[in-house]
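J.: Pasting a structure below so you can have a look.
What follows draws every value from the coordinates through simple rules; no lab data is involved. These numbers come from a predicted model, not from an experiment. Glycine also receives a Cβ, built like all others from the backbone with ideal geometry; neighbour counts cover every protein chain displayed.
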Amino acid sequence: MVRCGQYLYDSYMQATAAPSAPQRHGNILNFNLFGESAHLPDILHCETIAARSALHDWELAPHRHDRLHQMLLLTAGRGSVQIDEGSHVLTPMSLVNVPPGDVHAFSFQRGTEGWVTTLATELLDEILSGVGDVRRALGNAFVVAMPDDARLLMAGIAREFAGRGPARALLLRGLASTLLGLAARHAPAVSDEGATVSESRLFDRFQALLEARFAEHWRVTDYAQALAISATHLSRITRSATGRPASALIDERIMREARRYLVYTNQPITSITYALGFNDPAYFSRVFTRVTGMSPRVFRRQMGGQQDAPAP
């Protein structure tokens, strides 16, 4: 398995920079497809696991995709995936669901077989419009064992992607929709007991806003105003969906970003403080400790990240 903090890249590297030469400074590596800076040139992208990982000695360093959703299906061989702070062993018919923004790294046994299908968030929005809890299920990273139907779907996507037959785009949309539905059906359950349809939609809208605005340090009242509801109503909705108030979800989202910086970069904690929009490193440390139960420095050490470097 790729160890936390083993690879540290500069996310602003030029497209011509070799991904095999890590930069020991800067932010979390942010790619479209691994090693590429160009946007998806097609409705989606599908390739074998070997196509990209074999170029990097069967290991893909920690990285994320801001506007891409990926699903990987391993059909033969073995591997492992690290998503944020969790590690999972991959065996035949393991499916990995990676939502946009989640830091992930792969390590594969040589000769491992399978496919990776990548969808732009615009296509994902189009497919998932009006389908209820599917978006919420797929919005979480997970690894699950899949039936053989998934193999047939991935093979079909790969075949259509490689071809140029009539109605290609329509078929790719349909196959991708079916794959997303099958993944959502086998995804870990997302509890939402007692919520009305209206509340579920509001919670989904809150989650989308949170993802877009967390770095701006919006508070509960800001999100409530954007949703045209009261702050009390918003917290009631989040408690119904997750058991936690909106303020806790807001803090947890920005602390999740902080954890990623601490594990996957060697930026000094002071630099991380300012990168995340905090004005005071001491205040950032207090918030981090309150949310996670340990200081940023202790968390970085326990997760095996780089030691904090002196501020420049």
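J.: So for the pair GLN225, ALA248, with labels modelled 7 Å out along Cα→Cβ, what separation do we get in nm?
T.: Those two pseudo-labels are separated by 2.6 nm.
J.: Let me ask something else. Can you compute the modelled spin-label distance between ASN140 and TYR283, with each label point 7 Å from Cα toward Cβ, in nm?
T.: 3.3 nm
J.: For ASP102, ASP133, which order do you get if you count the other beta carbons within 10 Å of each Cβ and list the fewest first?
T.: ASP133, ASP102
J.: Could you order the peptides 261-273, 155-167 from most to least packed, using the average number of other C-beta atoms within 10 Å per residue?
T.: Values: 261-273: 21.6, 155-167: 14.0.
Output ranking for 261-273, 155-167: 261-273, 155-167.
J.: OK, next. Just to check I understand the Karplus step: with θ = phi - 60° and J = 6.51 cos²θ - 1.76 cosθ + 1.60, what whole-Hz values come out for region 65-76, glycine and proline as x?
T.: Per-residue couplings from phi come out as 10, 5, 10, 10, 10, 10, 10, 10, 10, 8, 10, 7 Hz.
J.: Given a Förster radius of 51 Å and the C-beta distance between GLU36 and ARG236 as r, what FRET efficiency does 1/(1 + (r/R0)^6) yield to the nearest 0.05?
T.: The calculated FRET efficiency here is 0.70.
J.: Continuing with the same structure: Which whole-Hz ³J(HN,Hα) couplings does region 266-278 yield from phi under the Karplus relation 6.51 cos²θ - 1.76 cosθ + 1.60, θ = phi - 60°, glycine and proline marked x?
T.: Result, ordered by residue: 10, 4, x, 4, 4, 5, 4, 3, 6, 4, 8, x, 7 Hz.
J.: I've got another one for you. Dividing the convex hull volume of the Cα atoms of region 197-302 by its residue count, what figure in Å³ per residue is obtained?
T.: 101 Å³
J.: Right, something else. Can you tell me how much longer the chain between ARG297 and GLU216 gets when fully stretched, taken as 0.36 nm per residue apart minus their C-alpha distance, in nm with one decimal? Present the calculation step by step, with values, prior to reporting the outcome.
T.: Values: separation 81, 0.36 × 81 = 29.16 nm, distance 2.38 nm.
Between ARG297 and GLU216, full extension yields an extra 26.8 nm.
J.: Please list 3J(HN,Hα) in residue order for region 280-285, calculated via the Karplus relation 6.51 cos²θ - 1.76 cosθ + 1.60 where θ = phi - 60°; whole Hz, with x for glycine and proline.
T.: 9, x, 5, 5, 4, 5
J.: Between SER129 and ASP57, what is the label-point separation in nm under the 7 Å Cα-to-beta-carbon projection?
T.: 4.6 nm
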